[in-house]
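Here, each number is a calculation from the coordinates, and none is a lab measurement. Here the structure is a predicted model, which means the values were calculated and not measured. Here Cβ is always computed from backbone atoms with ideal geometry, including for glycine, and neighbour counts include all displayed protein chains.
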Amino acid sequence: MRFLHIIVIAVLVSAAVHVYKIKFDSTQQAERLAKLKTDVQRVHEATAALRAQWAQLDNPTRIQGLVERHFQLKPVEATQFDSLDRLPERPVSPVPPDTADPIGAMISLGASELSTGSIKTPPAAR
């Protein structure tokens, strides 16, 4: 009978330790959850403050005041535009227009005096 009592007491102590461990873990999780909720609330408040600051900085009236203060801008006049027939001619392309690989043709134009892409032809032996 004593052996049975010892086993029951050991099981009860083990169960109490297990219940205490579960309670301790749940308390830690509750504290962690409260901390996370506080952090989320702080981030929401910071985001709201930044949005308000952005709205203030993006205000067209404020931007107009800055432009008037820092730039000497004048209204655009119709005489500032020119007609299309006065545009300069397009420069001549170094590569014929029917070339299949225009970039490769442009690269090969400058490499005609080189034996490879980076080494010049060696001088004649003396």
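With the calculation restricted to Cα positions, what are the radius of gyration and Dmax of the chain in angstrom?
Over the chain's Cα set, Rg and Dmax evaluate to 40.7, 116 Å.
Once the Cβ-Cβ distance between F3 and E31 is put in as r, and R0 is 35 Å, what FRET efficiency do you end up with, to the nearest 0.05?
0.25
Provide, as a two-decimal number, the C-alpha radius of gyration of the range 2-70 over 2.2 N^0.38 Å, N being how many residues it has.
Normalised by 2.2 N^0.38 Å, the Cα Rg of the range 2-70 equals 2.68.
Given a Förster distance of 35 Å, report the FRET efficiency between A105 and L84 from their Cβ-Cβ distance, rounded to the nearest 0.05.
Plugging the Cβ-Cβ distance into 1/(1 + (r/R0)^6) gives 0.70.
At Q53 and V40, where each label point lies 7 Å from the Cα along Cα→Cβ, what is the point-to-point distance in nanometres?
In this crude label model, Q53 to V40 measures out at 2.4 nm.
Straight-line reach from K35: which aspartates and glutamates fall under 18 Å, measuring Cα to Cα and dropping same-chain residues less than 8 apart?
List returned: D25, E45.
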